[in-house]
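Here's the structure we're looking at; comments come further down.
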């Protein structure tokens with residue numbers, strides 16, 4: 001992250017009003033991204049498009065969907081962090097929200113079939129938001145710079161992709177412990193992203209910062225929901 005925005009004055013070096021305004025803008029955009037995701041998913045399922053998406057994905061390995069989920073997140077974050085144009089940052093954020101909504105369709109469909117009341121999905125969302133709130137509080141209260149987590153996240157992400165590819169090639173299952181490990185990975189990503197919001201982003205990258213944090217929250221929700229599903 002620091003390399004990506006090298007040469008720009010971080011918001012942490014600016015006055016308190018600018019820092020406060022930046023943080024509010026970031027979290028407002030995260031909230032809008034979550035709301036947009038919910039609206040798109042609701043429309044996809046109520047309009048019947050979810051079934052059409054499922055039919056298209058019918059021949060695709062579930063593990064390939066997992067890999068696509070992680071790769072789309074990395075690509076969108078890469079673009080948003082390196083693009084200076086605010087409109088292009090918005091385009092990256094909107095594109096990522098739509099892509100995530102499409103990728104989530106099979107997982108939400110299976111979860112809804114297992115629990116038509118929607119309680120499982122709601123509980124997974126609640127756990128994800130509580131976990132995010134707790135990690136955010138840690139970053140804000142301690143004011144510690146967690147940028148040292150970057151190396152761990154890079155290597156952890158590569159190992160996760162290798163595990164997914166290996167599972168596709170050799171036919172083994174990525175079970176409950178993989179989901180638990182990935183929840184921990186996503187939690188570290190949320191902490192890292194929150195720390196960067198406080199310490200390293202320049203004031204004009206609020207959209208890119210929101211995208212990075214939303215991607216980490218979506219990753220956590222994915223694996224929390226998979227963990228809930230594995231219990232039933």
Over the chain, calculate the relative contact order: mean separation of alpha carbon pairs under 8 Å at least 6 apart, over the residue count, as a percent. 37 percent
If you average the alpha carbon positions of segment 109-141 and of segment 182-218, how far apart do those two centres end up, in angstrom? 18 Å
Under 10 Å, Cα contacts only: if you run a Gaussian network model on the chain, which one of 111, 137, 33 comes out with the highest mean-square fluctuation? 137
Report, to the nearest 10°, how far helix 176-199 tilts away from the longest principal axis of the Cα atoms in the chain, using its own Cα long axis and a range of 0 to 90°. 20 degrees
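Grab the DSSP H runs of the chain that are 4 residues or longer, score each as -39,500 (n - 2.57), total them, divide by all residues and round the 222 nm result to the nearest 500 deg cm²/dmol.
Values: 8 runs with 185 residues, N = 232.
Result for the chain: -28000 deg cm²/dmol, rounded to the nearest 500.
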R0 of 30 Å, Cβ-Cβ distance residue 122-residue 172: FRET efficiency to nearest 0.05: 0.45
For residue 53 and residue 16, what is the calculated FRET efficiency with R₀ set at 45 Å and r taken between the beta-carbons, to the nearest 0.05? 0.45
Would you calculate the separation in nanometres between label points at residue 231 and residue 28, each defined as 7 Å from the Cα along the Cα-to-beta-carbon direction? 3.7 nm
With angles folded into 0 to 90 degrees, how steeply does helix 62-82 sit against the dominant principal axis of the chain? Use alpha carbons for both and round to 10. 20 degrees
Net length gained if the chain between residue 144 and residue 110 were fully extended (0.36 nm per residue, minus Cα distance): 8.3 nm
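All of the numbers you see were taken from the coordinates with simple rules; none came from a lab. Predicted, not measured: the structure shown is a model, and the values here were computed from it. All Cβ positions, glycine included, derive from the backbone under ideal geometry; neighbour counts span all protein chains shown.
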